[in-house]
Amino acid sequence: MMKISARLAMGMAAALVAGGLILSPISSLPATAEEQAEQAQLERLEIVTATGAHIFEVEVARSERDRARGLMFRRSLPQNHGMLFVFESERPIAMWMKNTYIPLDMVFVSRSGRVTSITRGATPMSETIIPSRGPVYAVIELAAGAADEIGLAVGDQVRRPEFVK
């Protein structure tokens, strides 16, 4: 393997940028999970429980790539934020906490927006499979404790455009 000097490497990189071969500067790409979270577009999600309507700001993971990454590598999650995983159809879903540093509540939701099951306080970094316990259309990940804080129960309603009544 050929070694090159740092000066030569920098010169080559500058030439690639100047020549248009690198289309965007590396510094414009999010370097950390927290930077990605800051750049993510947040959308409103409402969960209606016996204690009332509760508003969360969520990132929506619609693509396979977004769903695969989820909240991995994040070091924090504000109590009123989360991530909504939307799937193409209702089906059994399995989640895990690999590379996820923060404990989460996982809320499994039907196509009609009804909560079908809840996993409270999923263990960070665990590779244990967390099943939906039946077909679901979406999963909401919230900071651990959020489900208890709002009194979330199976049968409660989630309101978003993705869910049909």
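The values are calculated or read from the model by the stated rules, or taken from the named source; none is laboratory data. Because the structure is predicted, anything quoted here is derived from the model rather than measured. Ideal geometry is used to build each Cβ from the backbone, glycine not excepted, and the neighbour counts take in all protein chains shown. SASA here: full protein model, heavy atoms, side chains in, ligands and nucleic acids out. Shrake-Rupley method; radii C 1.70, N 1.55, O 1.52, S 1.80 Å.
What to note about this one:
- Every residue from segment 84-113 that is of a type in the set (A, V, I, L, M) and open to solvent by 10 Å² or more (accessible area, probe 1.4 Å): V86, I93, A94, M95, I102
- Residue list for segment 57-82, restricted to those being open to solvent by 10 Å² or more (accessible area, probe 1.4 Å), in contact with a Lys or Arg (Cβ under 9 Å, 6 or more places away or on another chain), closer than 20 Å to G145 by Cα and not acidic (D, E): M72
- Pairs with Cβ under 9 Å, 6+ apart, first in segment 122-134 and hydrophobic (A, V, I, L, M, F, W, C), second exposed (fewer than 14 other Cβ atoms within 10 Å of the Cβ): A122/T128; M125/K98; I129/A94; I130/A94
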